[in-house]
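I have placed the structure first, in the form of structure tokens, so that the comments after it can refer back to it.
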Amino acid sequence: MYYPAFIELLIRTVYFKAFQSLSSKKKKKSKNKISINQLDHIIKDYPINKGDSLMVHSSLSKIEAQPEIIIKYLRSIIGEEGTLLMPTHPKLIKEDGFLKYDIQKSKSRVGYLTEVFRNSSDVLRSKLPFASLAISGPKAEEYLKDELYTNVLPHGKMTPYQKFCLDGGKVLCIGVSAGNRATVKHVPEEVLDDEFILKNVFIKKNVRIYNDGKFYHELTVRERTEDLIPFLANSRLERDLVKNGIIIKRTVNDIPIDYLDAKKCYEWMLLKAKNGYIRYPYAKYIPKYRITKAID
């Protein structure tokens, strides 16, 4: 369901300001699940082919299969010549004034499926924290090359995320919506960096990176501030991405199975951001996020 901007802002304001504490309480979860056969029936209609780079976001509780079976199925869609990616955003701990990230040991906080995948023997994980990726396939090393030395934004220039977008990657969301969960939506604003019309979006954080317990690297990374989350317009953005053929939405048993074209999304959002259309239309009401030009 899509909402007018002012209604979405009202809903978000009520949720984030008045009832946010309720989110920590146990919620009743739907028992609906999708089988691999049902999933395959949907995906066959999507433009996902052998040799593609496929980034997967998922909710394991919505899939009627073990993680290993799901991963095997996803690999079969793109074949040995394809590259499979999953975000494995780590939970970082603070130690001696630094956030600590261990490439091998820091657990993913975005689902058990991603944790099983990142621990697979043929999977590489990105060294850049906050939005780390687990990648398996012939393009894994290419996507991860020089990621620490080209940029200090998790989704910025020459990061695995931008390379994936420019390479024509495909995004598949199982049990979650692309409008909410597709990480590639962050790439345009971080690629624009100082040219992004919304200012003070990124905050600096000092990180020490380890590899299987051994010190590897120390750096300062900029990350998007979470203060802006209540001012996102996900409903509006998803509506526009669907309208422009960038997102395709299907459901089975009320479970979303969404497809997103990463390159088209990147190019469309980059062009729109340069012309004033951003994902934070309500940010103009926050003085510290100065806007350099009018936005819609």
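The values are calculated or read from the model by the stated rules, or taken from the named source; none is laboratory data. Keep in mind it's a predicted model, so treat the numbers as computed, not measured. We place every Cβ from the backbone using ideal geometry, glycine too, and count neighbours over all the protein chains shown.
When Ser120, Ser132 are screened for being surrounded by fewer than 18 Cβ atoms within 10 Å (Cβ to Cβ) and in contact with a Ser or Thr (Cβ under 7 Å, 6 or more places away or on another chain), only Ser120 passes.
Residue by residue through segment 152-171, note down the ones that are out of contact with any strand residue (DSSP E or B) (no Cβ under 6 Å at 6 or more places or on another chain), under 23 Å from Lys249 (Cα atoms) and small (Gly, Ala, Ser). The one that is out of contact with any strand residue (DSSP E or B) (no Cβ under 6 Å at 6 or more places or on another chain), under 23 Å from Lys249 (Cα atoms) and small (Gly, Ala, Ser): Gly168. Listed conditions (1) modelled with pLDDT of 95 or more; (2) closer than 20 Å to Leu198 by Cα; (3) of a type in the set (Gly, Ala, Ser) are all met by Ala233, apart from (1). Restricting the search to helices (runs of 4 or more DSSP H) fully inside segment 150-263 and requiring at least 1 residues that are over 18 Å from Arg279 (Cα atoms) and within 19 Å of the chain's Cα centre (by Cα) gives 160-166.
The residue that is farthest from Glu80 (Cα to Cα), among those in segment 34-54 that are in contact with a strand residue (DSSP E or B) (Cβ under 9 Å, 6 or more places away or on another chain) and of a type in the set (Asp, Glu), is Asp45. Confirm whether Met55 is at pLDDT 65 or above and not small (Gly, Ala, Ser). Against the criterion (at pLDDT 65 or above and not small (Gly, Ala, Ser)), Met55 qualifies.
No other residue among Tyr161, Tyr143 is crowded, with 18+ Cβ neighbours inside 10 Å, touching a residue at least 40 places away in the same chain (Cβ under 8 Å) and closer than 30 Å to Asn200 by Cβ apart from Tyr143. For segment 243-252, the count of residues that are in contact with a strand residue (DSSP E or B) (Cβ under 6 Å, 6 or more places away or on another chain) and of a type outside the set (A, V, I, L, M, F, W, C) is nonzero.
Within the option set Tyr2, Tyr46, being at pLDDT below 90 and surrounded by 13 or more Cβ atoms within 10 Å (Cβ to Cβ) holds for one residue only, Tyr2. Checking Leu92, Leu133, Leu124 one by one, the residue that is at pLDDT below 95 and not small (Gly, Ala, Ser) is Leu92 and no other.
Inside segment 191-210, can you point out the residues that are surrounded by fewer than 16 Cβ atoms within 10 Å (Cβ to Cβ) and more than 14 Å from Val152 (Cβ to Cβ)?
Of everything in segment 191-210, those that are surrounded by fewer than 16 Cβ atoms within 10 Å (Cβ to Cβ) and more than 14 Å from Val152 (Cβ to Cβ) turn out to be Glu195, Lys199, Asn200.
Let me confirm something: among Tyr289, Tyr266, Tyr259, Tyr277, which residue is at pLDDT below 95 and either under 15 Å from Val184 (Cβ atoms) or out of contact with any strand residue (DSSP E or B) (no Cβ under 6 Å at 6 or more places or on another chain) (or both)? Criteria check complete, one pass: Tyr277. Quick check on Leu39: is it at pLDDT 95 or above and not charged (D, E, K, R)? It is true that Leu39 is at pLDDT 95 or above and not charged (D, E, K, R). Counting only residues that are in a helix (DSSP H, G or I), touching a Ser or Thr at 6+ places or on another chain (Cβ under 6 Å) and either under 17 Å from Asp212 (Cβ atoms) or of a type in the set (A, V, I, L, M, F, W, C) (or both), segment 108-117 holds 2 of them. If you check Leu148, Leu153 for being more than 23 Å from Ser59 (Cα to Cα) and surrounded by 22 or more Cβ atoms within 10 Å (Cβ to Cβ), only one passes: Leu153.
Of everything listed in (1) crowded, with 17+ Cβ neighbours inside 10 Å; (2) touching a Ser or Thr at 6+ places or on another chain (Cβ under 8 Å); (3) under 23 Å from Lys214 (Cα atoms), the single unmet condition for Leu99 is (2).
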